[in-house]
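The values are calculated or read from the model by the stated rules, or taken from the named source; none is laboratory data. Everything numeric here is computed off the predicted structure, so don't read it as measured data. Here Cβ is always computed from backbone atoms with ideal geometry, including for glycine, and neighbour counts include all displayed protein chains.
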């Protein structure tokens, strides 16, 4: 099905994981796709493999976001789909938190996502769809997760306000909150094989459906929220976590 023919889509952090899967799905459904990333080699490899356009940009830097918005406005004239996906993991106990821990996560997950939306509003077409990648941890309470969870909870608040502010232009704004998802980011935790299996088993034990989600699960929901089929959905946080947050 090509439900997104004629649409121009931007996926931030599209060179791996959920962003990569979303870019692939949006393209399969007919959209012209642009992905961003902050690592030039990884970005160009992903763009070539997907057959999409890659633009170097760091969502943690507002100057990069503004340059990206200006470049896309000049080259494409508009964006119909904006998937604000780029994010980082990080955290510590509240007592042990360092300012650098806080800034690292908040600069990308909250400030970067906030200003990506802010600076792209003039570029969004009337009737466009914006999707934030949030997390089920925004509504859960786990030790040592206060910084990451807060960054996503703040994002969900912005999403709802943006849905109100942009409704007069027919622009819909939603969030997707995955639970544990098998992506490359889990491999970057530096765990050995036994420890990684132990982590997977621990997560699966907390998920009623007894499995870890895939990036494709999230990608399909991104495409749905950007299609006419979801035309009456805005201001919603869609949780995709196999029942974990229940």
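Considering every residue within the range 169-188, establish whether at least one is farther than 24 Å from residue 12 by Cα and out of contact with any strand residue (DSSP E or B) (no Cβ under 9 Å at 6 or more places or on another chain). Looking for residues that are farther than 24 Å from residue 12 by Cα and out of contact with any strand residue (DSSP E or B) (no Cβ under 9 Å at 6 or more places or on another chain), one finds none in the range 169-188, hence no. Within the option set 93, 100, being on the phi < 0 side of the Ramachandran plot and part of a helix (DSSP H, G or I) holds for one residue only, 100. Listed conditions (1) in contact with a strand residue (DSSP E or B) (Cβ under 6 Å, 6 or more places away or on another chain); (2) crowded, with 20+ Cβ neighbours inside 10 Å; (3) free of Cβ contacts under 8 Å to residues at least 60 places away in the same chain are all met by residue 129, apart from (3).
Scanning the range 125-162 for residues that are more than 17 Å from the chain's Cα centre (by Cα) and closer than 20 Å to residue 224 by Cβ turns up 125, 127. If you check 65, 81 for being assigned to a helix (DSSP H, G or I) and modelled with pLDDT of 95 or more, only one passes: 65.
Among the residues of the range 95-116, those that are surrounded by fewer than 21 Cβ atoms within 10 Å (Cβ to Cβ) and closer than 15 Å to residue 12 by Cα comprise 107, 110, 111, 114, 115. In the set (1) farther than 30 Å from residue 29 by Cα; (2) touching a residue at least 24 places away in the same chain (Cβ under 8 Å); (3) over 14 Å from the mean Cα position of the chain (by Cα), the condition left unmet by residue 80 is number (1).
Residues to consider are 16, 92, 73, 57; find the one that is surrounded by fewer than 21 Cβ atoms within 10 Å (Cβ to Cβ), touching a helix residue (DSSP H, G or I) at 6+ places or on another chain (Cβ under 6 Å) and within 25 Å of residue 169 (Cβ to Cβ). Steps first, answer last, please.
Details: 16 fails: within 25 Å of residue 169 (Cβ to Cβ); 92 fails: within 25 Å of residue 169 (Cβ to Cβ); 57 fails: surrounded by fewer than 21 Cβ atoms within 10 Å (Cβ to Cβ).
That would be 73, the only listed residue that is surrounded by fewer than 21 Cβ atoms within 10 Å (Cβ to Cβ), touching a helix residue (DSSP H, G or I) at 6+ places or on another chain (Cβ under 6 Å) and within 25 Å of residue 169 (Cβ to Cβ).
Which residues, counting only those in the range 193-212, are part of a helix (DSSP H, G or I) and modelled with pLDDT of 85 or more? Spell out the reasoning first.
Filtering the range 193-212 for residues part of a helix (DSSP H, G or I) gives 193-205.
Correct list: 201, 203, 204, 205.
Residue count for the range 110-124 satisfying the condition of being under 15 Å from the mean Cα position of the chain (by Cα) and either in a strand (DSSP E or B) or modelled with pLDDT under 95 (or both): 0.
On inspection, residue 190 passes the criterion of being in a loop (DSSP other than H, G, I, E, B), at pLDDT below 95 and either on the phi > 0 side of the Ramachandran plot or buried (at least 16 other Cβ atoms within 10 Å of the Cβ) (or both). Restricting attention to the range 19-54, the residues that are crowded, with 23+ Cβ neighbours inside 10 Å and closer than 24 Å to residue 103 by Cα add up to 3.
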